[in-house]
Amino acid sequence: MAISDILKKLFGSKADRDMKEVKPVLDQVLAAYETIDKLSNDALRARTEELKAKLRACEAPFENRIAEIRVELEKDIPVSRKEQLATESDKLVKDEDEAIEKVLDEILPDAFAIMKSTARRFATIGWPAETRLRGIWCITMCSSSAVSSCTKEKSRRWPPVKERPSWLRYRCS
């Protein structure tokens, strides 16, 4: 018996550890999928819009205050006041990221379930196979930013918020 086999028996394989970490989220997604898959196409679209609205509502107060600060920074004010405003703006950005992460964690099961249900619907409609595959590909690519944002904290390899490039931050369009 090789040393690697002994270590796998003691500590488990990387795939087992990853599955153990993701299993609670997977259970939530499958539970949400049961209810979401029963929705009509219009209701599914409406549910998607609800999730987007929830994200927009979460970030709106932060964005509004940051915009106010930017307007005030353009005025002729003392340097000490500008420094205070810049510090407040930086803190608001950090607080906004944390608030968005909480909301994304809340909507993660529904977002995955919606994507799964939509992909299943595209796969089963009577369109040519190439068209169905393009539809599934579009859904997957459009949803990947939301899904990756939802799962970013689940992976230890994802850089912390302060180290993450700004283009990786999820913004609801």
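Any idea which of GLU83, GLU49, GLU59 is at pLDDT 90 or above and more than 27 Å from THR118 (Cα to Cα)?
Details: GLU49 fails: more than 27 Å from THR118 (Cα to Cα); GLU59 fails: more than 27 Å from THR118 (Cα to Cα).
The conditions single out GLU83.
With the structure loaded, tell me whether GLU83 is out of contact with any strand residue (DSSP E or B) (no Cβ under 9 Å at 6 or more places or on another chain), open to solvent by 70 Å² or more (accessible area, probe 1.4 Å) and assigned to a helix (DSSP H, G or I) or whether it fails that test. Walk me through it before giving the result.
Details: out of contact with any strand residue (DSSP E or B) (no Cβ under 9 Å at 6 or more places or on another chain): yes; open to solvent by 70 Å² or more (accessible area, probe 1.4 Å): yes; assigned to a helix (DSSP H, G or I): yes.
For GLU83, the condition - out of contact with any strand residue (DSSP E or B) (no Cβ under 9 Å at 6 or more places or on another chain), open to solvent by 70 Å² or more (accessible area, probe 1.4 Å) and assigned to a helix (DSSP H, G or I) - is met.
Within the range 117-136, can one find any residue that is surrounded by fewer than 17 Cβ atoms within 10 Å (Cβ to Cβ), farther than 15 Å from ASN41 by Cβ and at pLDDT 90 or above?
No; the residues of the range 117-136 include none that is surrounded by fewer than 17 Cβ atoms within 10 Å (Cβ to Cβ), farther than 15 Å from ASN41 by Cβ and at pLDDT 90 or above.
With (1) out of contact with any Asp or Glu (no Cβ under 8 Å at 6 or more places or on another chain); (2) open to solvent by less than 70 Å² (accessible area, probe 1.4 Å); (3) closer than 22 Å to GLU98 by Cα as the list, and LEU51 as the residue in question, which single condition is left unmet?
Here LEU51 meets the rest and fails (1).
For the range 1-30, which residues satisfy the criterion of being in contact with a Leu (Cβ under 8 Å, 6 or more places away or on another chain) and among the polar types (S, T, N, Q)? Break it down stepwise before answering.
Narrowing the range 1-30 to residues in contact with a Leu (Cβ under 8 Å, 6 or more places away or on another chain): 25, 28-29.
The one that is in contact with a Leu (Cβ under 8 Å, 6 or more places away or on another chain) and among the polar types (S, T, N, Q): GLN28.
Going by what's in this entry, would ILE77 be described as without any contact (Cβ under 8 Å) to a residue 24 or more places away in the chain, open to solvent by less than 80 Å² (accessible area, probe 1.4 Å) and in a loop (DSSP other than H, G, I, E, B)? Spell out how you get there, then give the answer.
On the way: without any contact (Cβ under 8 Å) to a residue 24 or more places away in the chain: yes; open to solvent by less than 80 Å² (accessible area, probe 1.4 Å): yes; in a loop (DSSP other than H, G, I, E, B): yes.
Criteria met by ILE77.
Take the range 86-100 and flag every residue that is open to solvent by 30 Å² or more (accessible area, probe 1.4 Å) and within 14 Å of the chain's Cα centre (by Cα).
Within the range 86-100, GLU98 is the sole residue that qualifies.
I'm trying to understand the selection: among the residues of the range 8-44, which are under 17 Å from the mean Cα position of the chain (by Cα), open to solvent by 70 Å² or more (accessible area, probe 1.4 Å) and touching a residue at least 12 places away in the same chain (Cβ under 8 Å)?
The answer is VAL22, GLN28.
The values are calculated or read from the model by the stated rules, or taken from the named source; none is laboratory data. Computed from a predicted structure; not experimentally measured. Glycine gets a Cβ as well: all are built from the backbone with ideal geometry, and neighbour counts include every protein chain shown. Protein only, heavy atoms only, side chains kept; ligands, DNA and RNA dropped before computing areas. Shrake-Rupley method; radii C 1.70, N 1.55, O 1.52, S 1.80 Å.
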